């Protein structure tokens with residue numbers, strides 16, 4: 001087997017790498033604490049970011065009710081809104097899971113929409129606000145406001 005061809009630029013590259021490695025080694029020998037503090041600082045920053053993400057994901061904008069409460073409140077809102085529609089049979093509401101309910105004591109508030117037919121048979125989207133109040137026995141009374 002023959003030796004690979006030695007090119008001048010290969011030799012220059014090896015020499016430059018050797019100089020770089022020597023400088024890097026000298027820096028590490030002269031400043032060992034710098035690398036220790038970089039490692040500690042990086043670890044601390046990582047821990048802070050993880051704690052921040054966990055904390056931010058646990059905060060909710062308002063206190064939330066249980067899922068059965070939101071389902072019953074949403075049912076009351078839909079019944080109330082259907083009374084305002086020209087064609088309630090054609091109404092298409094979003095799922096209660098798609099809505100953001102804000103809780104204030106026994107009251108749940110949400111902004112929602114309904115797709116339904118108008119008097120000419122065309123499907124239109126109507127947005128509305130609903131305030132549902134718990135009557136204490138698990139039933140909700142709803143008030144719908146159409147802006």
Cβ contacts < 6 Å: first residue assigned by TED's automatic domain parsing to the domain that holds residue 73 and at positive phi, restricted to the range 85-108; second residue crowded, with 16+ Cβ neighbours inside 10 Å and outside any loop (DSSP other than H, G, I, E, B), any location; separation 6+ or different chain. Result? none
Of these, 126, 141, which one is part of a strand (DSSP E or B) and touching a helix residue (DSSP H, G or I) at 6+ places or on another chain (Cβ under 7 Å)? 141
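The values are calculated or read from the model by the stated rules, or taken from the named source; none is laboratory data. Quick caveat: nothing in here was measured; it's all calculated off a predicted structure. Virtual Cβ from ideal backbone geometry, glycine too; neighbours counted across all protein chains shown.
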